[in-house]
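Beneath this line is the structure, given in structure tokens, with notes to follow.
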Amino acid sequence: MSLGQDVFVSFLEHTWKFIKGEAEVRDVAPMTPEELRLWREQEYRKIHEESVKLAGLSSDAALAKRGETRADVIKVYEVLQRGRRGLEMSQNLLIGFDVRGLDLSKVRPGHISQEHMQSANGDRHTRLPSDLRPPAAWRMR
């Protein structure tokens, strides 16, 4: 395939993905509270399954060397995916999510928002990226 064809195919793929995403946002926006609850539960399941797969790419030895547990790595991946998906869909998918004690300090700016962290369940041991501040309620826990 020539460079021009490659660029054209890439353009079509990105355009299709954008249109599909916009259609999904339009579908979610008018949902009733019950439909939105069911949609969220489905998203949470998909995100958890993907996070388990991603965490499975790290060996036990690599995790031990970094001083991380597989459960914490799974949770960090879930935070990232819930934050990204929530921003894409104009939904807060981190409401009540347990981030207590997690080290999120290496998360790149823009992947999770201050607003979303406000509604997550963190504590004074939760480490956030430099662009975010812990909510006041976290300092009490």
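The values are calculated or read from the model by the stated rules, or taken from the named source; none is laboratory data. Because the structure is predicted, anything quoted here is derived from the model rather than measured. Every residue, glycine among them, receives a Cβ derived from its backbone with ideal geometry; neighbour counts consider all protein chains shown.
Could you list, in sequence order, the residues of the stretch 40-91 that are free of Cβ contacts under 8 Å to residues at least 12 places away in the same chain, farther than 19 Å from Asp103 by Cβ and either crowded, with 16+ Cβ neighbours inside 10 Å or basic (Lys, Arg) (or both)? Arg45, Lys46, Lys53, listed by residue number. Kindly evaluate Val52 against the criterion of being in the same structural domain as Arg100 (by TED's automatic domain parsing), touching a strand residue (DSSP E or B) at 6+ places or on another chain (Cβ under 9 Å), part of a helix (DSSP H, G or I) and not aromatic (Phe, Trp, Tyr). Here the answer is no, as Val52 does not meet what is asked. At pLDDT 90 or above and in contact with a Ser or Thr (Cβ under 7 Å, 6 or more places away or on another chain): does that describe Arg127? Yes, satisfied.
Within the stretch 96-120, being part of a loop (DSSP other than H, G, I, E, B) and modelled with pLDDT of 90 or more holds for Gly96, Phe97, Val99, Arg100, Gly101, Leu102, Leu104, Ser105, Ser119, Ala120. Would you check if there is a residue in the stretch 116-135 being touching a Gly at 6+ places or on another chain (Cβ under 6 Å) and within 18 Å of Ser51 (Cα to Cα)? Among the residues of the stretch 116-135, not one is touching a Gly at 6+ places or on another chain (Cβ under 6 Å) and within 18 Å of Ser51 (Cα to Cα), which makes the answer no. Screening Ala61 with (1) in contact with a helix residue (DSSP H, G or I) (Cβ under 9 Å, 6 or more places away or on another chain); (2) farther than 25 Å from Ile95 by Cβ gives one miss only, at (1).
Applying the set (1) part of a loop (DSSP other than H, G, I, E, B); (2) surrounded by fewer than 20 Cβ atoms within 10 Å (Cβ to Cβ) to Ala137 leaves exactly one unmet item: (1). Would you confirm whether or not the stretch 57-71 contains a residue that is touching a strand residue (DSSP E or B) at 6+ places or on another chain (Cβ under 9 Å) and of a type outside the set (Val, Ile, Thr)? Yes, the stretch 57-71 has at least one match.
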